[in-house]
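Written out below as structure tokens is the structure these notes cover.
The values are calculated or read from the model by the stated rules, or taken from the named source; none is laboratory data. Please read all numbers here as calculations on a predicted model, not as lab measurements. All Cβ positions, even for glycine, are placed from backbone atoms using ideal geometry, and neighbour counts span all protein chains on display.
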Amino acid sequence: MRIIVQDAPFDFGQEAETFANGRHDMGAIVTFTGVVRDFRGGGLNAMEIEHYPGMTQKALEKIAEEARCRWSLGDVLVIHRYGQMTPGEKIMMVATAAPHRKDAFEAAEYLMDYLKSRAPFWKKEHSTGGEAGWVAAKDEDEDALTRW
Amino acid sequence: MDVLYFAWVRERIGLPKEKVTTDAATVAELVAELRAREERYDLAFSDPAALRVAVDQELTDFDASIRNAREVAFFPPMTGG
């Protein structure tokens with residue numbers, strides 16, 4: 001299990017390849033990556049992500065451990081960035097390895113649902129017009145946790 | 001103990017972290033003490049439903065005990081992923 005919290009960009013292809021390599025007993029590798037999206041149609045200048053340094057790593061480890069308890073998984077990878085990013089940059093990725101795809105897919109979804117609302121990150125958008133605002137948490141993200 | 005603020009809570013109060021000496025037994029009591037200090041605290045904590053709290057880096061709720069806590073952090077609902 002690897003849990004990485006960093007400000008530097010990561011190489012998604014390289015990470016996915018390294019994660020998938022050399023596994024002879026895992027029939028399924030699922031990866032997900034989250035990207036900074038300019039939903040303002042060119043109006044988003046940057047996304048800033050603040051986090052709680054002492055807590056973030058532990059919170060992500062706890063979520064990943066829970067996933068390993070619930071599904072039959074061979075391995076889990078979580079990379080989440082903080083700091084300033086521009087549209088198109090990758091914010092985070094998760095990868096799961098499992099003997100069967102159902103476990104790999106479900107565990108990846110579980111990880112995403114939990115790290116959206118239970119990992120201490122906060123997004124702030126900076127518009128090209130110079131305005132800045134914190135992204136509000138969505139009720140649907142909180143509701144998503146109830147299905148688990 | 002250390003009291004930490006993140007995101008808009010940090011911006012409203014105007015600092016990321018401070019040392020607080022308190023006899024408060026719970027998070028809610030600490031919030032009441034902080035609100036009584038100054039208007040910027042009162043404003044930041046005016047809607048507790050809009051806030052989340054962690055005691056010693058574990059998510060908890062406003063009824064939680066802070067006896068022997070080293071660190072209490074206040075922040076808005078998280079927006080990771």
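Quick rundown of the values:
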{"read-out": "Residue in segment A:50-61 that is more than 13 Å from chain B (Cβ to nearest Cβ) and surrounded by 16 or more Cβ atoms within 10 Å (Cβ to Cβ) present", "value": "no"}
{"read-out": "Unmet requirement for residue A:133, which otherwise passes all of (1) part of a strand (DSSP E or B); (2) within 14 Å of another protein chain (Cβ to nearest Cβ); (3) buried (at least 16 other Cβ atoms within 10 Å of the Cβ)", "value": "(3)"}
{"read-out": "Among (1) free of Cβ contacts under 8 Å to residues at least 60 places away in the same chain; (2) farther than 21 Å from residue A:14 by Cβ; (3) assigned to a loop (DSSP other than H, G, I, E, B), the one test that residue A:119 misses", "value": "(1)"}
{"read-out": "Residue match in segment B:40-55 (condition: part of a loop (DSSP other than H, G, I, E, B), out of contact with any helix residue (DSSP H, G or I) (no Cβ under 8 Å at 6 or more places or on another chain) and surrounded by 15 or more Cβ atoms within 10 Å (Cβ to Cβ))", "value": "no"}
{"read-out": "Any hit, segment A:139-148, residues being under 23 Å from residue A:56 (Cα atoms) and at pLDDT 95 or above", "value": "no"}
{"read-out": "Condition met for residue A:138 (within 14 Å of chain B (Cβ to nearest Cβ), more than 30 Å from residue A:26 (Cα to Cα), loosely packed, with under 14 Cβ neighbours inside 10 Å and not aliphatic (A, V, I, L, M))", "value": "yes"}
{"read-out": "Residue tally, condition in contact with a Ser or Thr (Cβ under 8 Å, 6 or more places away or on another chain) and closer than 19 Å to residue A:123 by Cβ, over segment A:22-77", "value": "8"}
{"read-out": "Options A:63, A:49; residue that is of a type in the set (A, V, I, L, M), closer than 26 Å to residue B:5 by Cβ and outside any strand (DSSP E or B)", "value": "A:63"}
{"read-out": "Members of segment A:66-96 found to be part of a strand (DSSP E or B) and either within 12 Å of residue A:9 (Cα to Cα) or free of Cβ contacts under 8 Å to residues at least 60 places away in the same chain (or both), listed by number", "value": "A:79, A:80, A:81, A:83, A:84, A:85, A:90, A:91, A:92, A:93"}
{"read-out": "Residue within segment A:85-94 that is at negative phi, touching a strand residue (DSSP E or B) at 6+ places or on another chain (Cβ under 6 Å) and surrounded by fewer than 17 Cβ atoms within 10 Å (Cβ to Cβ) present", "value": "yes"}
{"read-out": "Residues that are free of Cβ contacts under 8 Å to residues at least 60 places away in the same chain, within 12 Å of chain A (Cβ to nearest Cβ) and at negative phi, drawn from segment B:61-81", "value": "B:77, B:78, B:79, B:80"}
